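Enquirer: Questions regarding the structure given below will be posed in turn.
A short reminder: the numbers here are calculations on the coordinates, not readings from a lab. Just so it is clear, the structure is predicted and the values come from calculations on it, not from any experiment. Positions of Cβ are generated from backbone atoms using ideal geometry, with glycine treated the same way; all protein chains shown enter the neighbour counts.
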Amino acid sequence: MPAENSDNQSSSDYSNEQLRIISEHPCYDPKAQHKFGRMHLAVAPKCNIQCKYCIRDYDCVNECRPGVTSEVLTPQQALEKTKRVLKDFPNIKVIAIAGPGDPLANDETFETFKLIKEEIPDVIICMSTNGLALPDRIDDMLDAGVQTLTVTVNAVDPEIQKQICDHVIYNGKVYKGKEAAELLINNQLEGIKAAIDAGIVIKVNTVLVPDVNDGHVVEIAKRMNEMGVFIMNIMPLIPQAEFADWRVPTDEERKAAQAACEPFVSQMRHCRQCRSDAYGLLGQDLSQMSEERRNMVKLQTLRNTKSKSDEDTDDEN
């Protein structure tokens, strides 16, 4: 059973099926991170916004951060890879699409999820998005079987948001400045409400940018609390792109931000800021391991799975 969310969000607010999903999702329940893995499928290269801290890199190895991948897969390639990986690592419960662009800006996202849902119905379907297209694609998400959703919300004040996002592209038009910020925030909030109303469990990611939104994160947490968001992940800025010369928030600053937000939304404190093609346990990205090391993890995983199966059989007898 996952820990109760803070304030008015508790286990009683969720169905038994939602609680099961939460308990098997390594990002949503800290206890799950040591038992269950996740797999990111890099099928979504296009993005509809440009954040000032974001660089999307393809054919990228030996770098662990969101937005990078060694290759971009087709939906069919993603399905075949998923089947191979799950055969070797049956402790992976979550199949997710988190980039390297925005999943909602790529039809391949929904094609991939539908293929997986047809052939591997027992996995948890998860997605990460900036939320710009969320109100428009909520029905597509539900058709594709999305059960958990992460939305990156860096501000609920357009004056702050416009300092973080350079521009957005919506319905074929480019928006900049405060107009872009207002559009993005409005769509995020509308989309989060629609997703929660539809039974999707929501995590919010917030990139902590010193001297920009560090004094604003509590306002984000308060708004997310009002909407019924399950958990919030405050992530430290990785300086790059326009923010290449920006300072990284200290561990103390991040912990202080989490503590300030905790009364309103439960805090995820075990994030690893994963690549778009990461798979395995959190902190154990098999995509970045040598074949020899992967085989060692595979053997241990299969042993653990067999041991757990034997224990369950004994309990039944």
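Enquirer: Compute the length gained on full extension between Met227 and Asp139: take 0.36 nm times their separation in residues and subtract their Cα-Cα distance, giving the result in nm to one decimal.
Expert: Stretched fully, the Met227-Asp139 segment lengthens by 29.7 nm.
Enquirer: I've got another one for you. Counting only DSSP beta bridges with both residues in the chain, tell me the antiparallel percent, nearest 5.
Expert: Roughly 25 percent of the DSSP beta bridges within the chain come out antiparallel.
Enquirer: What FRET efficiency would be calculated for the residue pair Glu291, Gln240, taking the C-beta separation as r and a Förster radius of 35 Å, to the nearest 0.05?
Expert: 0.70
Enquirer: Follow-up question, since we're still on this one. If you take the square roots of the eigenvalues of the alpha-carbon gyration tensor of the range 169-219 and sort them as a ≥ b ≥ c, do you get rounded (a/c under 1.5), prolate (a/b over b/c) or oblate?
Expert: oblate
Enquirer: Here is a further query. Could you size up the charge dipole of the chain around its Cα centre, putting +1 on the beta carbon of Lys and Arg and -1 on that of Asp and Glu, and report it in debye to the nearest 20? The partial results should precede the final answer.
Expert: Working: 36 positive and 50 negative charges, 117 e Å.
So the dipole magnitude of the chain works out to roughly 560 debye.
Enquirer: What residue among Gln163, Gln147, Val212 has its Cα farthest toward the positive end of the dipole of the range 79-237, where the charges are +1 on Lys, Arg and -1 on Asp, Glu, each on the Cβ?
Expert: Gln147
Enquirer: Same structure again: Can you give the extra length, in nm with one decimal, that the chain gains between Lys83 and Val248 once fully stretched, where that is 0.36 nm per residue apart less the Cα-Cα distance?
Expert: Numbers: separation 165, 0.36 × 165 = 59.40 nm, distance 3.84 nm.
That works out to 55.6 nm of additional length.
Enquirer: Here is a further query. Just to confirm the number: angle between the C-alpha axis of helix 75-88 and the first principal axis of the chain, 0 to 90 degrees, nearest 10?
Expert: Orientation of helix 75-88: about 50 degrees from the principal axis.
Enquirer: Another one. Cα to Cα, under 24 Å, and not fewer than 8 places away if on the same chain: which lysines meet these conditions relative to Lys81?
Expert: Lys35, Lys46, Lys93, Lys114, Lys117, Lys298, Lys306
Enquirer: Can you list the HN-Hα couplings for the range 248-259, worked out from phi with the Karplus curve (6.51, -1.76, 1.60; θ = phi - 60°), rounded to whole Hz and with x for Gly and Pro?
Expert: Working through the residues one at a time gives 7, x, 6, 4, 5, 5, 5, 5, 5, 5, 4, 4 Hz.
Enquirer: Now for a different question. Please turn the phi angles of the range 228-234 into ³J(HN,Hα) values with the Karplus equation 6.51 cos²θ - 1.76 cosθ + 1.60 (θ = phi - 60°), one per residue in order, whole Hz, x for glycine and proline.
Expert: So the Karplus estimates, Gly and Pro as x, are x, 5, 6, 8, 10, 10, 8 Hz.
Enquirer: Just report the Cα centroid separation between the range 100-154 and the range 169-184, whole Å.
Expert: Result: 22 Å between the Cα centres.
Enquirer: In units of 2.2 N^0.38 Å, what is the alpha-carbon radius of gyration of the chain?
Expert: Values: Rg = 19.0 Å, N = 317, 2.2 N^0.38 = 19.6 Å.
Taking N as the residue count of the chain, the ratio is 0.97.
Enquirer: Rounding to the nearest 10 and keeping the result within 0 to 90°, find how far the Cα-based axis of helix 134-143 lies from the longest principal axis of the chain.
Expert: 20
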